[in-house]
């Protein structure tokens, strides 16, 4: 009788945990979609900026000042805002020449090992870019060029979008 109550309590606890994980996952999926849309908007802005720069350069012989540097910083946002969504839909490039003969269980095990390694590596990257972003913010670090852009926003994008 005691064991049945314990297993019933465990089931309720497992159900609560499962419900929490499902709600968290749904929230993160919505956040990923928002970030992908922001990434797409940045791409449209970059295309417009490049078109204006080309037009000014070849028609009026006066390129857009700081446009090239701004494109470089915006590209960081494009890549890192979309990376978690692509990972979620398994859209990254996969080379299956060595794995197509493996069983599904072995593939799942390899995925888990890969995720554990990725968590370790990404944790180091997130920590280090956080330190660098803070250092850039405190020191007032700016890019070199005609227009000096602050470096800490692009470093922060790398840190906060890699916590998948």
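How about segment 143-161: which of its residues are modelled with pLDDT under 75 and either in the same structural domain as residue 80 (by TED's automatic domain parsing) or in a loop (DSSP other than H, G, I, E, B) (or both)?
145, 146, 161 - these are the residues of segment 143-161 that are modelled with pLDDT under 75 and either in the same structural domain as residue 80 (by TED's automatic domain parsing) or in a loop (DSSP other than H, G, I, E, B) (or both).
Just to be sure, is residue 28 part of a helix (DSSP H, G or I), modelled with pLDDT under 90 and under 23 Å from the mean Cα position of the chain (by Cα)? I'd like the intermediate steps shown before the answer.
Numbers: part of a helix (DSSP H, G or I): yes; modelled with pLDDT under 90: yes; under 23 Å from the mean Cα position of the chain (by Cα): yes.
Judged against the criteria, residue 28 is a match.
If we scan segment 78-86, do we find a residue that is more than 22 Å from residue 32 (Cβ to Cβ) and either surrounded by 14 or more Cβ atoms within 10 Å (Cβ to Cβ) or without any contact (Cβ under 8 Å) to a residue 12 or more places away in the chain (or both)?
no
Could you check segment 55-69 and list, in sequence order, the residues that are more than 21 Å from residue 150 (Cα to Cα) and outside any helix (DSSP H, G or I)?
60, 61, 62, 63
Which residues, taken from segment 55-69, are touching a helix residue (DSSP H, G or I) at 6+ places or on another chain (Cβ under 7 Å) and loosely packed, with under 13 Cβ neighbours inside 10 Å? If you could, list the steps in order and put the result at the bottom.
Let us first name the residues in segment 55-69 that are touching a helix residue (DSSP H, G or I) at 6+ places or on another chain (Cβ under 7 Å), namely 62-64, 67.
Of everything in segment 55-69, just one residue is touching a helix residue (DSSP H, G or I) at 6+ places or on another chain (Cβ under 7 Å) and loosely packed, with under 13 Cβ neighbours inside 10 Å, namely 62.
Check whether at least one residue in segment 59-68 is without any contact (Cβ under 8 Å) to a residue 40 or more places away in the chain, outside the structural domain of residue 145 (by TED's automatic domain parsing) and at positive phi, and report yes or no.
yes
Counting only residues that are surrounded by 10 or more Cβ atoms within 10 Å (Cβ to Cβ), free of Cβ contacts under 8 Å to residues at least 24 places away in the same chain and assigned to a helix (DSSP H, G or I), how many does segment 127-142 have?
9
Name the one entry in 52, 124, 93 that is free of Cβ contacts under 8 Å to residues at least 40 places away in the same chain, loosely packed, with under 15 Cβ neighbours inside 10 Å, within 25 Å of the chain's Cα centre (by Cα) and in a helix (DSSP H, G or I).
124
Answer with yes or no whether residue 110 is in a helix (DSSP H, G or I), surrounded by 14 or more Cβ atoms within 10 Å (Cβ to Cβ) and at pLDDT 85 or above.
no
What's the number of the only condition in (1) under 25 Å from residue 26 (Cα atoms); (2) not assigned by TED's automatic domain parsing to the domain that holds residue 32 that residue 82 fails to meet?
(2)
The values are calculated or read from the model by the stated rules, or taken from the named source; none is laboratory data. Keep in mind that what you see is a predicted model, and the values were worked out from it rather than measured. Neighbour counts are summed over all protein chains in view; Cβ atoms, including those assigned to glycine, are modelled from backbone coordinates with ideal geometry.
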